[in-house]
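All remarks here apply to the structure that follows.
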Amino acid sequence: MLRDFQLKKKKNNNFASNLESNSALAGSLPEQSAGSHLSCASCCTFVKRRGLLTGLLGAGLFAGTEMLSGASSTQALAAEASSSDSLLIDVHHHVFAPDYVRELESANLAEAPARKWSLARSMDDMDKAGVTRALTSPTTPAASFGDSSTRLRVARMCNEYAAKLAQDYPNRFGFFATLPMLDIEGSLAEIAYSVDVLKASGIAMLTSYDGKWLGDASFAPIMEEINRRKLVVYTHPSSPKCCTAMQSGVPGSTIEFATDTTRTITSLLFTGAAQKFKDIRFIFSHAGGTMPFLIERLTMLPNLNAEFGKRISPEQVLQIIRGFYYDTAQAAHPGALLSLLNLVDVSQVLFGTDFPYRTSIDHVKGLASYGFSKADLGAIRFKNAQKLLKI
């Protein structure tokens, strides 16, 4: 079972020691640019796991694809997981207010899932998988397009619609409030209204806005207020300003989303924002994007860049990353979970689906197939979210 290979605290400590040793080695090398490639034996830390991962992928354990072997067996596992735990909380579930869809259509930004979304579709998908509660948010571009008045209007309409769902179905929905992040005063006002009046469970942010990642100094007033309130911030990836339409036929969600998640984590770490705003609880989508795979490079960076080294140590990089939360949306498969769980404890992992871009049952099946213990599966399915969000 894959359970034998999940990283627990003891293994995490060993992994940390390896990374810290590699970081110390990097510190003894001549100073290089952050983008340089290092030639050292320590860079092979992860190679030993390749055979295991190759075998798992060859076994066809990706949920929601034709690679799933033994569909009936997987369905049985999913049914067992649903029956053993009565709760299932989805922290990555998208809804589309009708007025928001009209705004997207007028800007030629409405994708098919947004146009086809309905409350009935959301609830039907939840019911099929046994999802008992969903924390909703709009997805990219959220309130980041158009002029200032458009962004303010879009944020408010999304938040009031989500709050109405939570009011009408208090046992099924909660929401993360959307902010017009490029408008600082508007964002501060929206935090107060959404949290104090609409009773949002936290704040939803994209990973970048107009070429700025979340550690950018321009966002500091927003982060200061969120930190003061000790709120949860759920982040959703976006295609950064630098990197849109780079390859014909390959949408930003295929590559750039995962990369932009890593960019914003890097921004928070090396600008000092993560250390300064330590009372913000961040959730990163899709198992942290490419960050788990690139972790050794991130821990080496303070030794390669003297300015970064003044703000954060390799040990602090690991400590902060391990304190973040990560959802399973489009990541309920060995390729993502093995990498993530070799870095963070299962207590930091939350169930997410990315509906309507994927189905909830895909993720229930994927997690059931992975081989988690009953206790760990329950933690991911609902207990971690209950503790974090106090629901």
(message) Could you derive backbone 3J(HN,Hα) for the stretch 197-208 from the dihedral phi with the Karplus parameters 6.51, -1.76 and 1.60 (θ = phi - 60°), listing whole Hz in sequence and x where the residue is Gly or Pro?
(response) 9, 7, 6, 5, 7, x, 10, 9, 10, 7, 6, 8
(request) Could you sort out which of Lys278/Lys387; Lys116/Lys365; Lys278/Lys374; Lys128/Lys390; Lys212/Lys383 sit more than 22 Å apart by Cα distance in this structure? (result) Lys116/Lys365; Lys278/Lys374; Lys128/Lys390; Lys212/Lys383
(request) Mind ranking 119-126, 264-271 by how tightly packed they are, going by the mean number of other C-beta atoms within 10 angstrom, highest first? (result) 264-271, 119-126
(message) I need the phi-derived Karplus couplings for the stretch 354-360: 6.51 cos²θ - 1.76 cosθ + 1.60, θ = phi - 60°, integer Hz, Gly and Pro marked x.
(response) 6, 4, x, 7, 9, 9, 5
(request) Take every Cα pair under 8 Å in the stretch 121-245 that's 6+ residues apart, average their separations, divide by the length, and report that relative contact order as a whole percent. (result) 24
(request) Report ³J(HN,Hα) in whole Hz for each residue of the stretch 343-349, in order, from the Karplus equation J = 6.51 cos²θ - 1.76 cosθ + 1.60 where θ = phi - 60°; Gly and Pro get x. (result) 10, 10, 6, 4, 5, 9, 10
(request) Hey, can you grab everything whose amide H is under 5 Å from the amide H of Arg172? Only 5+ residues off in sequence or another chain; H modelled, so Pro and N-termini drop out. (result) none
(message) Going by amide H atoms built from the backbone, whose H comes under 5 Å of the H on Leu343, apart from near neighbours?
(response) none
(request) Please list, in chain and number order, the residues 5+ apart from Leu350 or on another chain whose amide H is under 5 Å from its amide H, with Hs placed from the backbone. (result) Tyr326, Asp327, Thr328
(message) With the crude spin-label approximation of a point 7 Å out along Cα→Cβ, what separation in nm comes out for Asn305 versus Gln275?
(response) 1.4
(request) Sequence neighbours fewer than 8 away in the same chain don't count; with that in mind, list the aspartates and glutamates whose C-alpha is under 20 Å from Lys276. (result) Asp216, Glu224, Glu225, Glu307, Glu315
(request) Enter the Cα centre distance for the pair the stretch 265-308 and the stretch 326-391, rounded to the nearest angstrom. (result) 21
(request) Sort the following peptides by mean Cβ neighbour count (other Cβ atoms within 10 Å, averaged over residues), highest first: 295-303, 104-112, 131-139. (result) 131-139, 295-303, 104-112
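Every number in this text was worked out from the coordinates using simple rules, so none of it is lab data. Small disclaimer: the values here were computed from a predicted structure and weren't measured. All Cβ positions, even for glycine, are placed from backbone atoms using ideal geometry, and neighbour counts span all protein chains on display.
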